[in-house]
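Q: Have a look at this one before I ask anything.
The values are calculated or read from the model by the stated rules, or taken from the named source; none is laboratory data. Quantities reported herein were computed from a predicted structural model and do not represent experimental measurements. Heads up, the Cβs are rebuilt from the backbone with ideal geometry, glycines too, and the neighbour counts pull from every protein chain shown. Just so you know, the surface numbers come from the protein's heavy atoms only, side chains and all, with ligands and any DNA or RNA stripped out. Shrake-Rupley method; radii C 1.70, N 1.55, O 1.52, S 1.80 Å.
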Amino acid sequence: MLNVRVRPYSNPEVSFFLFIIISQLGLHTVTGVWPLPQSLTISMERYSVNPKDFNFGRNSSTQICSVLDAAFKRYFSLIFPDYISENDGLSSHDAKPFSLVVSLDHDDCEGYPNENSSERYTLIVSAGKAFLNAETVWGALRGLETFSQLVYQDYVGAFFVNKTEIEDFPRFQFRGLLLDTSRHYLPLNSILKTLDAMAYSKFNVFHWHIVDDPSFPYQSRTFPGLSDKGAFHPMTHVYTQADVRRVISHARLRGIRVIPEFDSPGHTQSWGKGQPDLLTPCFRGGIPSGIFGPINPALDSSYKFMTRLFKEVTSVFPDSYIHLGGDEVNFTCWKSNPYVQGFMQKMGFGSDYKKLESYYMENMVNITLALNKTSIVWQDLFDFHEPHRCLSVVAVWKDGCYLCEVRRVTKAGHRVILASPWYLDKPGPTHNWARYYTVWPLAFKGQKEQKKLVIGGEVCMWGEYVDAANLSPRLWPRASAAAERLWSDEKQTYSVEKALPRLQDFRCKLLRRGVQAEPLFVGHCRQEYHGI
């Protein structure tokens, strides 16, 4: 019997050598579990898994669980993509029953995943039965995804799974993906398909950069004029309240949090179309120029508007986090406005407009705190101002020595989400997935407690050159490289060469599941055109 073991501090060269032996001998076994589990033992002993005789089971703690009900239905189709009915030719007379029994330590089926949700699970596959135990239903979802990748077909179409033992949990709690729906509107179905693909790579946060300068597609109940006048089209290019609920529900069933971003005071040109007197009038030669800048931080009405808007937003989006933006604020218009200048003098800010931005963002953080939300801000707020106690989570996004920035932010006691090395919106050669794989988020000098403040990272897909036509191939499988870095043990997954065979296999799985993932290199997949 040949065992392939992958455990912390194991010899990766041996594991890769065994993979080559398996491949060259043509032995049928699973070749691509992605992202790599923390502890994985796969034996060459295999068992038949016939769709007609397969079933999901549960213990008493999971008898009533809508999340698992939906997952069982979804994963049956993912595990057996060729199975049509009981009369399918894949059934055999000598097939033996096979069941996957799921047990949970905690009954949390009716809630939403949150920043403290455990995703730890144990999976044991033996003859005729597999046991999946998880602390929470969200960990069970991760285990179901892993099991779905363990089942494979031989060349005549029969399904098998090998004897396997897995102990698994994520390295980082926050593993996000940002979609920008302002620069190009993304149809609802594109977002839902992205959520599906995120679950396949075990991402757990959808960062929805829903509005920006070009358009305001979020349809607000409180301020309907924002989308009526700020969207590309008030009927066809908006996200209704029903659309938003559908995204949140779809994400929840896959263990994915939805965190909205309403970036301000900059990046708000589309806001001003539907909300008069919100943006700052720019002046030239002492008279209004007809151009408007960022939100006017000198007016009480600005904060009253933001309070009402965020009261609605936080009631719609259940997650405890909300992204406030705060990046790339151009001070030119503020400097030209005499009323803003007077406010600066009144507040004792002098001519330091960074203090004015800090004043605005402190107000925004206080608004969200009053709504029991934790705020995320872009790193500009940390870079341009004295560190503030009100800053909670800082997203590091700028080029340069991003680990230097991570070190500074964590040293100041703030939590960090790393985004800088994972901007995927710009095209590049397909093999550049390796640059996203060879990122070491904790490779900076700091104490252990300081490094614990790095809560994770996120892939960013900005929308200047991306819409529904090219979203999927530009995301996948490059985003999956970042997903493994955020999930798996760094010591087991440092090698691009050793990761490539698994990622190629995983890319084929994505294609078979209808995800238009771009190729990594020369080659083919057995079912590369299914669902495309």
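Q: Which cross-chain or sequence-distant (5 or more) residues have an amide H under 5 Å from the amide H of GLY57, H modelled 1.01 Å from N in plane?
A: LEU100, VAL101, VAL102
Q: Once ligands and nucleic acids are excluded and a 1.4 Å probe is used, how much of THR314 is accessible, expressed in Å² to the nearest 10?
A: Surface open to solvent at THR314 totals about 20 Å².
Q: In what order, largest first, do SER182, SER351 sit by accessible area if the probe radius is 1.4 Å?
A: Working: SER182 0, SER351 100 Å².
Correct descending sequence by accessible area is SER351, SER182.
Q: Taking Cα pairs under 8 Å and at least six residues apart, what relative contact order does the chain come out at, in percent?
A: Once normalised by length, the contact order is 14 percent.
Q: Binning at 10 angstrom from zero up to the longest distance, how are the C-alpha pair distances of the stretch 421-532 distributed in percent?
A: Reading upward from the zero bin: 13, 42, 32, 11, 3.
Q: Could you run the Karplus curve 6.51 cos²θ - 1.76 cosθ + 1.60 with θ = phi - 60° over the stretch 44-52 and give me ³J(HN,Hα) per residue in whole Hz, x for Gly and Pro?
A: Once θ is set to phi - 60°, the couplings for the stretch 44-52 become 6, 5, 10, 10, 6, 10, 9, x, 5 Hz.
Q: How about LYS335: which aspartates and glutamates have a C-alpha closer than 17 Å to its C-alpha, ignoring those fewer than 8 places off in the same chain?
A: Cross-link targets: ASP352, GLU357.
Q: Here's something else I'd like to know. Run through all the Cα pairs of the stretch 111-245 and give the fraction in each 10 Å bin from 0, expressed as whole percent.
A: Spelled out per bin, shortest first, that is 11, 30, 24, 19, 12, 4, 0.
Q: Please tell me which of these pairs span more than 26 angstrom C-alpha to C-alpha: LYS52/LYS73; LYS193/LYS426; LYS355/LYS398; LYS73/LYS193?
A: Over 26 Å apart, Cα to Cα: no pair at all.
Q: Against the longest alpha carbon principal axis of the chain, how many degrees, from 0 to 90 and to the nearest 10, is the axis of helix 241-252 turned?
A: It works out to around 40 degrees.
Q: Okay, moving on. Can you give me the solvent accessible area of SER77 with a 1.4 Å probe, rounded to the nearest 10 Å²?
A: 70
Q: What FRET efficiency comes out for LYS498 versus ILE287 if R0 is 56 angstrom and r is the Cβ-Cβ distance? Round to the nearest 0.05.
A: 0.30
Q: To continue, here is another question. With every protein chain in place, what's the accessible area of TYR112 (1.4 Å probe, Å², nearest 10)?
A: Roughly 110 Å² of TYR112 is accessible to a 1.4 Å probe.
Q: Same structure, new question: Counting pairs of Cα atoms in the stretch 212-347, how many percent are more than 21 Å apart?
A: Summing the P(r) tail past 21 Å for the stretch 212-347 gives 46 percent.
Q: Would you mind checking the tilt of helix 496-512 against the longest principal axis of the Cα atoms of the chain, expressed as 0 to 90 degrees and rounded to 10?
A: Roughly 90 degrees between the two axes.
Q: Helix 188-200: angle to the longest alpha-carbon principal axis of the chain, degrees 0 to 90, nearest 10?
A: Tilt of helix 188-200: around 50 degrees.
Q: At 1.002 mPa s and 20 °C, plugging the Kirkwood radius over alpha-carbon pairs of the chain into Stokes-Einstein gives what diffusion coefficient in µm²/s?
A: 87
Q: Sort GLU484, GLU135 by heavy-atom solvent-accessible area, probe 1.4 angstrom, most to least. Mind showing how you got there, number by number?
A: On the way: GLU484 0, GLU135 65 Å².
Result of the area sort, largest leading: GLU135, GLU484.
Q: Another one. Two-decimal Rg/Rh of the stretch 273-395 from alpha-carbon positions, Kirkwood Rh?
A: Rounded to two decimals, Rg over Rh is 0.98.
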